[in-house]
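The values are calculated or read from the model by the stated rules, or taken from the named source; none is laboratory data. Remember, it's a predicted structure, so these values are computed and weren't measured experimentally. Note that we place each Cβ from the backbone using ideal geometry, even for glycine, and neighbour counts take in every protein chain shown. Heads up: the accessible areas ignore ligands, DNA and RNA and are worked out on the full protein's heavy atoms, side chains in. Shrake-Rupley method; radii C 1.70, N 1.55, O 1.52, S 1.80 Å.
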Amino acid sequence: MSDLKNCRFVYISYFFRLIAAMPYSLLFVVALALGSSGCNSNPDIIRDIREFSQDHFSYVDKAQCERPLASVAWQKKMDEQYRTNFFKPWHQAASRFTQSDVEQAWVMFKNDVQDGKKSSRRRRAWIGKMAANAGLLSYPNASVKAITTGVAHLRHLPAAKAVYFRKALTGETRSPFDKLQVSSIAPGTPVYISHVSRDKAWAIAETGYALGWMPLNELAVVTPEFINRWEQGPHVAVVRDKTPIYDQDKGFLFRASLGSMFPKTVEDEDTVEILVPVRSEQGRAEMCKVTLLKETAMTRPIALTPCRLASLANEMIREPYGWGGLRNNRDCSAMIRDLFAPFGIWLPRHSADQASEGGLYVDLSNLSVTEKKKLILARGGSYLTLLWLKGHIMLYIGSRNGEPLVFHNFWGVKTMSERGQQGKKIVGHAAITTLYPGREFNGMGPPEGVYSRYLRGMIMIVPEEQMSFPPPGTGR
């Protein structure tokens with residue numbers, strides 16, 4: 001096979017490698033810091049995280065742990081749809097987007113700098129320079145099929161510079177919300193290139209779920225032979241988040257996030273051999289053989305069971321928040337999407353799209369907070385139901401003491417002092433909470449909380465008629 005190179009994977013714990021390389025003086029400081037952090041609880045952590053177990057197995061019925069939650073036929077059908085969506089960029093002859101579509105981001109940012117201030121004039125000049133380099137008057141000027149060879153990033157504009165949304169609120173030391181970030185893209189993702197900037201540094205890239213500008217050096221061009229081999233399968237899904245991948249010389253290639261998908265070649269009792277993409281000096285994609293432990297990657301789709309869901313969710317618990325995948329972390333919708341990918345369940349990238357396309361939508365917008373909770377507890381399937389409000393999405397995992405519990409990745413919760421001063425309590429990671437996290441910091445705020453108050457919809461991922469048995473909370 002001309003696209004194949006021999007490589008191998010060395011699965012070594014980074015923790016022990018780091019410890020072994022540390023000077024004794026530094027090792028003492030680290031040990032002291034770790035010991036101190038373990039002995040003192042953080043009073044700033046919101047109550048929900050202190051009081052509710054952050055282990056997903058605490059919310060799984062052990063007697064039903066390995067029982068399938070959906071019919072085999074339904075899951076197979078979902079996986080076929082997943083593959084169709086995933087490989088879509090390699091089966092299109094032209095861009096799926098118009099010139100108006102790709103210019104929307106430019107319009108948004110031009111309108112964002114019309115206040116006449118000196119900083120806005122500099123921003124306007126910067127955008128004008130980027131627009132000249134983008135050359136959209138000739139869009140589309142390319143038709144190339146490619147693949148990501150590492151963790152890649154889609155941007156609204158062809159620029160790596162971060163542009164932040166707003167000033168921080170009281171209690172917020174920094175804002176993680178980069179206006180230019182669209183989404184991070186996993187290694188091994190099919191891409192269609194529809195346009196290349198004048199300096200040949202950026203490309204407009206289309207994946208199966210997102211559109212944006214991407215640095216060309218994060219992509220490699222694929223041949224028809226490469227596409228055929230990559231698509232034919234079978235495939236594995238990475239189930240150990242941020243698994244490190246090395247080349248034959250133990251050189252680091254990338255970290256494969258949970259849900260990443262790669263072709264499988266062979267397997268034995270303990271390991272599985274897969275193919276990962278690498279970029280040649282000429283910018284073409286080549287295949288690299290890598291051997292993984294079976295605890296890090298499994299043949300997909302894996303069985304949709306409570307134990308599997310809990311295990312994968314535990315991989316992402318306490319993961320730092322990353323707007324649009326910044327710093328290779330996840331936001332709310334990316335976490336939900338990646339959680340269900342190993343099961344062959346395709347979800348869109350953004351929360352509003354997940355709400356409208358992720359399953360059966362149940363409207364909650366006209367219900368009171370009490371009615372919303374009652375309906376969620378009656379019909380919500382644990383680990384199979386999404387709860388959505390504008391700008392945020394959560395996974396319903398069950399209840400405790402009559403309160404719905406959710407798993408979500410979020411930046412923080414709004415606070416209000418007894419004097420009415422607004423602020424923000426930073427959480428900044430994935431956690432299990434009620435629908436009112438941080439209520440203890442909201443003295444003058446609404447008694448029902450923002451999530452419950454503005455909750456718009458409940459999304460049933462698995463149709464009730466396709467459930468192999470009713471999970472807890474369905475009311476059946």
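W346 fulfils the conditions (1) open to solvent by less than 20 Å² (accessible area, probe 1.4 Å); (2) in a loop (DSSP other than H, G, I, E, B) except for a single criterion, (1).
Figure legend. Inter-residue proximity from the stretch 368-384: first residues over 24 Å from F343 (Cβ atoms), second residues in a helix (DSSP H, G or I), beta-carbon distance below 8 Å, spacing 6+ or different chains. Indicated pairs: V369/S452; V369/R453; K372/S452; K373/S452. Listed by first and then second residue, the pairs with beta-carbon distance under 8 Å, at least 6 apart or on different chains, first residue in the stretch 319-332 and at negative phi, second assigned to a loop (DSSP other than H, G, I, E, B) and of a type in the set (G, A, S), are N329/G322; R330/G322; D331/G322.
Using the structure shown, decide if S58 is surrounded by 12 or more Cβ atoms within 10 Å (Cβ to Cβ), assigned to a loop (DSSP other than H, G, I, E, B) and not aliphatic (A, V, I, L, M). No: the conditions fail for S58. Tallying residues that are closer than 22 Å to Q75 by Cα, open to solvent by less than 10 Å² (accessible area, probe 1.4 Å) and among the small types (G, A, S) within the stretch 303-323 yields 2. Just one of the listed residues (A94, A73, A63) is over 18 Å from F340 (Cα atoms) and either among the charged types (D, E, K, R) or in a helix (DSSP H, G or I) (or both), and it is A63.
Of all the residues in the stretch 248-263, those that are part of a strand (DSSP E or B) and in contact with a Cys (Cβ under 6 Å, 6 or more places away or on another chain) number 0.
Quick check, is D241 touching a Leu at 6+ places or on another chain (Cβ under 7 Å), touching a residue at least 12 places away in the same chain (Cβ under 8 Å), surrounded by fewer than 23 Cβ atoms within 10 Å (Cβ to Cβ) and under 27 Å from S333 (Cβ atoms)? Judged against the criteria, D241 is a match. Exactly one residue among V266, V272 is part of a strand (DSSP E or B), of a type in the set (A, V, I, L, M), in contact with a Leu (Cβ under 7 Å, 6 or more places away or on another chain) and over 26 Å from I193 (Cβ atoms), and that residue is V272. Scanning the stretch 427-461 for residues that are under 24 Å from G358 (Cα atoms), out of contact with any helix residue (DSSP H, G or I) (no Cβ under 7 Å at 6 or more places or on another chain) and at pLDDT below 95 turns up V450, Y451, Y454.
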